[in-house]
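Everything below concerns the one structure shown next.
Values in this text are rule-based calculations from the coordinates and carry no lab data. These numbers come from a predicted model, not from an experiment. Here Cβ is always computed from backbone atoms with ideal geometry, including for glycine, and neighbour counts include all displayed protein chains.
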Amino acid sequence: MFKLARLSALLLTAGFGYACAQNVCPHFLLDSAMVVNVEGQFVNAQNSRTNIYVEWRHHPEALDSFFIDIPTKSFMFVTAGEYRYMRYNSPKVKRQLGLHHLRETIGNTPLKLDDLELLANGSFLCKDSTDKRPNILPTAFSNMWWSLVADTLPKPRKVTMKGARKEARTFNIGAWKDFSGVQLPTLVSLSSENYSGNLWVRSAYPIEQITKDPVAEKAKEFNLRTPKLFRKIPVEGKREIPLILKLNQEFLRD
């Protein structure tokens with residue numbers, strides 16, 4: 001058992017080193033600062049019905065935050081690509097996360113923390129010039145998902161994700177809709193061998209309008225701050241993120 005665990009760790013380390021050696025070409029669902037409210041309803045692997053509510057605040061030049069409500073608890077997930085943490089409001093606990101934590105399931109839903117990470121940071125490897133399959137996107141740093149295959153780009157109707165433990169799932173997108181000048185998928189069905197469900201984009205709007213949305217009232221209890229210390233604008237196919245040591249003491253203080 002120990003040898004198997006050690007071999008797995010070596011393979012993960014080698015894979016991470018390979019990804020670091022490649023250029024990262026982020027593929028963002030959003031290119032502007034927006035708030036997206038999503039509702040999900042699922043039948044999970046335990047054949048139980050469950051739901052999730054997510055408020056996603058996307059900042060192209062700063063930290064992304066996700067306010068998550070699930071039947072068992074509510075929490076905030078914050079990520080900048082090389083640095084991420086979760087904050088629970090009751091009790092007030094801050095939990096820093098490494099890449100291996102991204103395999104964790106969000107409550108009893110089929111969604112993973114890695115799903116949020118990919119949405120926020122769009123970390124995919126750059127395409128080789130000889131690769132004639134633009135619809136296949138290999139992930140760069142994901143510990144859960146290895147590839148994303150779209151039937152067509154930039155607005156696919158079907159997306160398949162494959163990853164660890166032979167897990168695979170398919171998203172079928174009913175339609176794309178304009179939200180304040182940004183195209184987003186509306187009704188999305190999710191299916192795999194072990195679960196199924198649907199995701200709806202309830203609303204999406206520029207982040208400057210956040211005080212006008214009643215959903216934002218829930219976020220006040222978290223006392224959210226958005227320090228602009230992590231840059232997420234792709235530069236020549238790469239994503240520049242300053243070292244975590246540049247964080248100031250006020251941001252690190254609980």
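Which entries in Lys94/Lys177; Lys94/Lys166; Lys127/Lys166; Lys94/Lys127; Lys112/Lys155; Lys92/Lys162 show an alpha-carbon gap greater than 30 Å?
On the way: Lys94/Lys177 36 Å; Lys94/Lys166 32 Å; Lys127/Lys166 24 Å; Lys94/Lys127 37 Å; Lys112/Lys155 23 Å; Lys92/Lys162 35 Å.
Going by Cα-Cα distance, Lys94/Lys177; Lys94/Lys166; Lys94/Lys127; Lys92/Lys162 fall outside the 30 Å limit.
Just order 29-35, 94-100 by mean Cβ neighbour count inside 10 Å, highest at the front, would you? Write out the running numbers ahead of the final one.
On the way: 29-35: 18.1, 94-100: 12.3.
Highest to lowest by the protection proxy: 29-35, 94-100.
With a point put 7 Å past each Cα toward its Cβ, work out how far Lys155 is from Ile136 in nm, to one decimal.
Result for the modelled spin labels: 2.7 nm.
What nm distance separates the two modelled labels at Asp69 and His100, each placed 7 Å from Cα along Cα→Cβ?
3.5 nm
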